[in-house]
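The values are calculated or read from the model by the stated rules, or taken from the named source; none is laboratory data. Remember, it's a predicted structure, so these values are computed and weren't measured experimentally. Note: ideal-geometry Cβ built from the backbone for every residue, glycine included; neighbour counts use all protein chains shown.
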Amino acid sequence: MGDVVGDAVRSPLYERIYEVVRQVPTGCVATYGQVAILAGLPHHARHVGHALRALPADSALPWHRILNARGEVSPRAFPGPDELQRLLLQDEGIAFDSRGRVDLDRYRWEGEIKERPGPG
């Protein structure tokens, strides 16, 4: 697998988050809070958002599969990435309802992570 994160974001905390995100399969989504829990960081969903925002634009990590707790693409400070995220998800067969939400009961990844990240 190629390098999915830049050297600037290779902190142990971010690596734990990226290891979980890396395992969300095509056609599924996870929430920021779910990723935080699986990374051993309960109650730290915002750290997940910060880690994903730090990724380089050409990252191979499937960042687009991570949604907020309502099943929505989280709004960004500037236009573009939120629409890209929606398009990438739709390309994977994930449907949005009229409110712009994904049905988490249908699309949420329920898998266990293959290898639990160690303490940061």
Quiz item: Failed condition for L52, given (1) in a helix (DSSP H, G or I); (2) farther than 14 Å from E112 by Cα; (3) over 10 Å from the mean Cα position of the chain (by Cα); (4) not small (G, A, S), with all others met?
Solution: (3)
Practice problem: Identify, by number, the condition in (1) free of Cβ contacts under 8 Å to residues at least 40 places away in the same chain; (2) assigned to a loop (DSSP other than H, G, I, E, B); (3) touching a Leu at 6+ places or on another chain (Cβ under 7 Å) that L61 doesn't meet. | Solution: (1)
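Answer yes or no as to whether D58 is surrounded by fewer than 19 Cβ atoms within 10 Å (Cβ to Cβ), out of contact with any strand residue (DSSP E or B) (no Cβ under 6 Å at 6 or more places or on another chain), within 28 Å of R10 (Cβ to Cβ) and of a type outside the set (A, V, I, L, M).
Spelling it out, D58 is indeed surrounded by fewer than 19 Cβ atoms within 10 Å (Cβ to Cβ), out of contact with any strand residue (DSSP E or B) (no Cβ under 6 Å at 6 or more places or on another chain), within 28 Å of R10 (Cβ to Cβ) and of a type outside the set (A, V, I, L, M).
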Quiz prompt | Pick from segment 77-110, criterion touching a Lys or Arg at 6+ places or on another chain (Cβ under 9 Å) and among the acidic types (D, E), ranking: farthest from H50 (Cα to Cα) | solution = E92
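Could you list, in sequence order, the residues of segment 101-119 that are at pLDDT 95 or above and of a type outside the set (F, W, Y)? Explain how you work it out, then say what you get.
Applying the first criterion (at pLDDT 95 or above) to segment 101-119 yields 101-109.
Result: R101, V102, D103, L104, D105, R106, R108.
Looking at segment 64-111 only, could you name the residues that are part of a helix (DSSP H, G or I), aliphatic (A, V, I, L, M) and touching a Ser or Thr at 6+ places or on another chain (Cβ under 9 Å)?
At the first step, the residues of segment 64-111 found to be part of a helix (DSSP H, G or I) are 64-65, 81-91, 104-107.
Going one step further and asking which of them are aliphatic (A, V, I, L, M), we end up with 84, 87-89, 104.
L104 - this is the single residue of segment 64-111 that is part of a helix (DSSP H, G or I), aliphatic (A, V, I, L, M) and touching a Ser or Thr at 6+ places or on another chain (Cβ under 9 Å).
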Quiz item: Yes or no: R22 modelled with pLDDT under 95 and of a type in the set (D, E, K, R)?
Solution: no
